[in-house]
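Every number here is computed from the coordinates shown, using simple stated rules; none is lab data. Just so we're clear, the structure is a prediction, and the values are computed from it rather than from any experiment. Here the Cβ positions follow ideal geometry from the backbone for every residue, glycine too, while neighbour counts run over all protein chains shown.
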Amino acid sequence: MRELIKLKRFLKPYTISAILSMALMVVMVGLQLMLPRMIQRIVDLGITPGNMTIVWQTTLVMLGISLLNMAFAVGNTTLAVRVAEGYARDLRKDLFNKIQSLSFGNLDRLHTGQLIVRTTSDVTSVQHAVRMMLSLSVRALMLLAGSLILMFSTNSQLAVKLLPFMLLILVLIVIFAGKLQKLFTAVQQKLDKLNNVLQENLSGVRVVKAFVRAAFENERFSEANEEFTQQNIAAMRLMAVLMPLMKILLNLGTVSIIWFGGMEVIQGSMTIGQIMAFTNYLMTAMFPMLMLAMIIGMLAASEASAKRINEVMSNKPDIQDRPEAISIEETNGRLVFEDVCFSYNGKDCAKPVLNHINLVAEPGQTVAILGSTGSGKTSLVNLIPRFYEVSSGRITLDGVDLRDMKRDSLLAQIGIALQETVLFSGSVRDNIRYGRMSANDEEVIVAAKASQAHEFIMSLPEGYDSRIEQRGANLSGGQKQRIAIARALLLKPRILILDDSTSAVDVDTEAQIQDALEKAMKDTTSIIIAQRISTVLTADKIIVLDNGRITAEGTHAELIKNSPIYQEIYESQLGNGLKKATEVTGN
Ligand code: UTP
Ligand code: MG
């Protein structure tokens, strides 16, 4: 219950509806508890003395009570549903906002696939718990207490005789509740597993097909599916045992009431009506106990869900603005790395991904980063928009530490095309405008022209209105990259970061993009990561990263003279390439 209770703040806006719903429930239970008394009245004052008026009158009153109860039940359910639905909506909204506020580091630790489950089925399961609490549990507890009290007030001696019997039922139910709790928790776990398999498989469905692994994945899914089914069956089996067992106990109870009560009736110390009321109370006392057992079992599953929701909720974004952070309006774009160390697991710089990085990018300069895969290029540029925080050292923009700026104002200065291109479902235009929805068509076209995307966009059936599918599924890799570049350019940023953004574009188009960028981004500080050396030839500064360290730095002309490692890359890419080309053409 601890985890569920932590979420109680979401009930606050619905306090009145919740209280009203419970009040209705109290009235309903009160009315329901009156019914056995009425039966007692019919038997003792109507049937036994042969007074038909009392029989009729009481029957009508009972009918009235039942109708009233029905009306109250509708009101109660409507209110409870409203509370639970509102609660779930607010919870989902908060979870979503929370996830949006998290940093890259937080998100690395929470797996995105699981986040979908957490915002959907976990919320539903918690919502379920709220509904049960609001309607069932109150009802069950009150019925139980009420009928026990009424049993004692009807005939305390008989009630005392039944006490051991009821204790036995209670013990049984507690045992069952414990078992059910375990089973339902296991059901939830199996469901999680099923969700995980499904999630992973669906997001990688193309790879599955490409590697003809459908059969393997089928098996994996079937296994999870089967486990889930079996676990559910096990839970239901227990319930199936519980029900008839309760029936037997109930019948035994009824028999003992008639046995002990019958003797009292013979002795004249009890009426037949009282016996009937008694058996009725026993029934109204037993079913709530059964209900409670089930509720306790199901709460276990909701508790597991609540725990996972709280796990997300309790995440503090590990990148937050310092209280004294300033908002920057204008920058020149002078970017300096001062002895920066970085590792993905935070402070510890023993095994850094980036090691003692010192780098100056002057306003308007283009700095190109070369380096083999895994050398830390992406990690380096990700520090500029503070997707991750440096572990030691500092990065400054116009002399101000990035950590002393409001992060939103920093991001407003940066246009970035990430290494992994992500587009959203929607029109081409909206995808380009993603960072600045207010941009007009002319601006969109200018950006698209600079990234050499205009031409292919115009060749699409509906031009800029053409629909892009989820994740850009209906575009080629190079087309996606060019839209992503246009998206970054549209912001007219002071700092432009392109992380391997032309890797899927042919060499000619790449050269055109570079020409256009040079013209359009004269005053912009550009950081460009590239695999191909041809991309970086004209850069103002080239740095070569190796294993997280800068091993060479300078212009192409300088490096080709002084840096063996650069010469090597050059040779391997262009030198040989040229040689081969000449061999083929015979020149
Ligand atoms: P990078 O992602 O910075 O390398 O990872 P890169 O130079 O850009 O490589 P390519 O060219 O895109 O392939 C640098 C190191 O950081 C680790 C990786 O294992 C890699 O060795 N890393 C990266 C993490 O530990 N966690 C991450 O989330 C990303
Ligand atoms: Mg990379």
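Tabulated data for the structure shown
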{"quantity": "For region 234-296, the spread of Cα positions along each principal axis, largest first, Å", "calculated": "50, 17, 12"}
{"quantity": "FRET E, pair ARG322, GLU420, Förster distance 30 Å, beta-carbon r, rounded to 0.05", "calculated": "0.50"}
{"quantity": "P(r), alpha carbons of the chain - 20 Å bins starting at zero, rounded %", "calculated": "15, 34, 24, 16, 9, 2, 0"}
{"quantity": "The chain: angle of helix 138-154 to the longest principal axis, Cα-based, in degrees nearest 10", "calculated": "10"}
{"quantity": "Fewest-first ranking of LYS377, LYS406, LYS522, using other Cβ atoms within 10 Å as the exposure measure", "calculated": "LYS522, LYS406, LYS377"}
{"quantity": "Region 523-579: C-alpha pair distances exceeding 12 Å, %", "calculated": "67"}
{"quantity": "Helix 52-101 vs. the chain, principal-axis angle (Cα, 0 to 90°, nearest 10)", "calculated": "20"}
{"quantity": "Contour excess over end-to-end distance, with Cα ends at ARG89 and MET70 and 0.36 nm allotted per residue", "calculated": "4.0 nm"}
{"quantity": "Distance histogram for region 166-297 (every C-alpha pair counted, 5 angstrom bins, percent rounded to whole numbers)", "calculated": "2, 9, 14, 13, 10, 9, 8, 7, 6, 5, 4, 4, 3, 2, 1, 1, 0, 0"}
{"quantity": "Protection-proxy order for peptides 470-476, 409-415, each taking the mean of Cβ atoms within 10 Å per residue, highest first", "calculated": "409-415, 470-476"}
{"quantity": "Simple label model, 7 Å out from Cα along Cβ direction - PHE104 to ASN225, nm", "calculated": "3.9"}
{"quantity": "Kirkwood estimate for region 437-587, i.e. one over the average of 1/r between Cα atoms, Å", "calculated": "17.3"}
{"quantity": "Extension gain from LYS12 to GLU330, taking 0.36 nm per residue of separation minus the Cα-Cα distance", "calculated": "110.1 nm"}
{"quantity": "Overall form of region 345-418 per C-alpha gyration tensor (a/c, 1.5; a/b vs b/c)", "calculated": "oblate"}
{"quantity": "Rounded if a/c under 1.5, otherwise prolate or oblate - region 25-64, Cα gyration tensor axes", "calculated": "oblate"}
{"quantity": "Gain in span if fully extended, VAL174 to ALA145, counting 0.36 nm per residue against the direct Cα distance", "calculated": "8.8 nm"}
{"quantity": "Rough spin-label spacing in nm, given labels placed 7 Å along Cα→Cβ, for THR59 and THR555", "calculated": "10.9"}
{"quantity": "Mean projected area in nm² (Cα convex hull; one quarter of hull surface) for region 192-256", "calculated": "5.0"}
{"quantity": "Cα-based shape type of region 509-553, given that a ≥ b ≥ c are square roots of the gyration tensor eigenvalues and the cut on a/c is 1.5", "calculated": "prolate"}
{"quantity": "Förster radius 30 Å - calculated FRET efficiency between ILE565 and ASP515 (Cβ-Cβ, nearest 0.05)", "calculated": "0.60"}
{"quantity": "Selection from ASN355, HIS128, ASN155, by position along the positive dipole direction of the chain (Cβ)", "calculated": "ASN155"}
{"quantity": "Region 59-202: projected area of the alpha-carbon convex hull, averaged over directions, in nm²", "calculated": "13.3"}
{"quantity": "Mean projection area, nm², convex hull over Cα of region 289-398", "calculated": "11.9"}
{"quantity": "Rg/Rg_ref, region 256-348, where Rg_ref = 2.2 N^0.38 Å and atoms are Cα", "calculated": "2.82"}
{"quantity": "Using distinct alpha-carbon pairs, which all enter the 1/r mean, Kirkwood radius of region 82-125 in Å", "calculated": "11.0"}
{"quantity": "Contact order relative to length of the chain, as percent, for alpha carbon pairs under 8 angstrom and 6 or more apart", "calculated": "15"}
{"quantity": "Helical mean residue ellipticity (222 nm; -39500 (n - 2.57) per DSSP H run of 4+; nearest 500) of the chain", "calculated": "-20000 deg cm²/dmol"}
{"quantity": "LYS182/LYS522 FRET efficiency (R0 60 Å; Cβ-Cβ; nearest 0.05)", "calculated": "0.30"}
{"quantity": "Per-selection Kirkwood Rh - region 438-498 (Cα, Å, 1 d.p.)", "calculated": "12.0"}
{"quantity": "Separation of the SER459 and VAL507 label points, Cα + 7 Å toward Cβ, nm", "calculated": "2.1"}
{"quantity": "Signed unit charges on C-beta, dipole axis of the chain, positive-most listed residue VAL241, MET276, VAL27", "calculated": "MET276"}
{"quantity": "Charge dipole magnitude, Cβ of K and R +1, D and E -1 - the chain, Cα centre, debye nearest 20", "calculated": "2500"}
{"quantity": "Helix axis angle, 15-41 relative to the chain longest principal axis, alpha carbon, degrees", "calculated": "20"}
